[in-house]
Amino acid sequence: MAAPKIDAVDVKLLALLQRSADRHLAELAEAVGLSQTPCWRRVQRLRQDGVITANVALLDRAKINLGVTVFVSIRTNVHTPAWFERFKATIDLIPEVVEFYRMSGDVDYMLRVVVPDIAAYDRVYKRLIQDTQLSDVNSSFAMEQLKYTTALPLSYVG
């Protein structure tokens, strides 16, 4: 499927919505130089085209007792579809895993895990290795978050 056509006005709308998705339509329309109806249609088209995938509330992890971030690199010697499906099902059942990637290079998979403390991570680790054959699990605890954003760069659109 071809990428949706996105023009400069769409890019402005996306930039505004990435910073705050609860902006009023009138505010969005004024910021991009449109009346409300064409602005609303553009936002709806961006949703229908799958450019906007969700509107969510971002939470302060520290205020909900999830102040520890752990990056987990995983290696395995098994690379069968059946093994992967079982591994993915295990990961899907662990809510503390907030990101899950298949990697190139020396590491097969990378996880980002959020927990309140090391003891909670140990429980996640035990669930992770319980039903899955892994050859190496390496955990790195983030000491300080220096940059975090959910906003994607829009300079590549076009």
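The values are calculated or read from the model by the stated rules, or taken from the named source; none is laboratory data. These numbers come from a predicted model, not from an experiment. Reconstructed Cβ throughout: ideal geometry from the backbone, glycine too, with neighbour counts over all protein chains shown.
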- Do we have any residue at all in the stretch 67-84 that's assigned to a loop (DSSP other than H, G, I, E, B), under 20 Å from Pro116 (Cα atoms), out of contact with any His (no Cβ under 9 Å at 6 or more places or on another chain) and not hydroxyl-bearing (Ser, Thr, Tyr)? yes
- Task: Might you let me know whether the stretch 91-103 holds any residue that is surrounded by fewer than 13 Cβ atoms within 10 Å (Cβ to Cβ) and more than 30 Å from Ala15 (Cα to Cα)?
- Result: yes
- Task: For the stretch 7-29, state whether one or more residues are crowded, with 16+ Cβ neighbours inside 10 Å, assigned to a loop (DSSP other than H, G, I, E, B) and modelled with pLDDT of 95 or more.
- Result: no
- Top-ranked residue of the stretch 48-65 - restricted to ones that are surrounded by 13 or more Cβ atoms within 10 Å (Cβ to Cβ) and not hydrophobic (A, V, I, L, M, F, W, C), ranked as nearest to Ala2 (Cα to Cα): Asp49
- Consider only pairs whose beta carbons are under 8 Å apart and that are at least six residues apart or on different chains; among these, list those whose first residue lies in the stretch 32-47 and is within 17 Å of Pro4 (Cβ to Cβ) and whose second residue is part of a loop (DSSP other than H, G, I, E, B). Arg42/Leu34; Val43/Ile52; Arg45/Pro4; Leu46/Pro4; Leu46/Ile6; Leu46/Ile52
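To keep it simple, each residue is scored yes or no on (1) out of contact with any helix residue (DSSP H, G or I) (no Cβ under 8 Å at 6 or more places or on another chain); (2) surrounded by 10 or more Cβ atoms within 10 Å (Cβ to Cβ).
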{"residue": "Gly67", "(1), (2)": "no, yes"}
{"residue": "Ser73", "(1), (2)": "yes, yes"}
{"residue": "Thr80", "(1), (2)": "yes, no"}
{"residue": "Glu85", "(1), (2)": "yes, yes"}
{"residue": "Val107", "(1), (2)": "yes, yes"}
{"residue": "Ala142", "(1), (2)": "yes, yes"}
- Message: Looking at Val115, Val97, can you tell me which residue is in contact with a Leu (Cβ under 6 Å, 6 or more places away or on another chain), in contact (Cβ under 8 Å) with a residue 12 or more places away in the chain and not hydroxyl-bearing (Ser, Thr, Tyr)?
- Response: Val97
- Name the residues in the stretch 100-112 that are in contact (Cβ under 8 Å) with a residue 12 or more places away in the chain and of a type outside the set (A, V, I, L, M, F, W, C), would you? Asp106, Asp108, Tyr109, Arg112
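Based on this model, can you work out whether Gln36 counts as on the phi < 0 side of the Ramachandran plot, touching a Leu at 6+ places or on another chain (Cβ under 7 Å) and among the polar types (S, T, N, Q)? First the steps, then the outcome.
Values: on the phi < 0 side of the Ramachandran plot: yes; touching a Leu at 6+ places or on another chain (Cβ under 7 Å): yes; among the polar types (S, T, N, Q): yes.
Considered against the rule, which asks whether it is on the phi < 0 side of the Ramachandran plot, touching a Leu at 6+ places or on another chain (Cβ under 7 Å) and among the polar types (S, T, N, Q), Gln36 comes out as yes.
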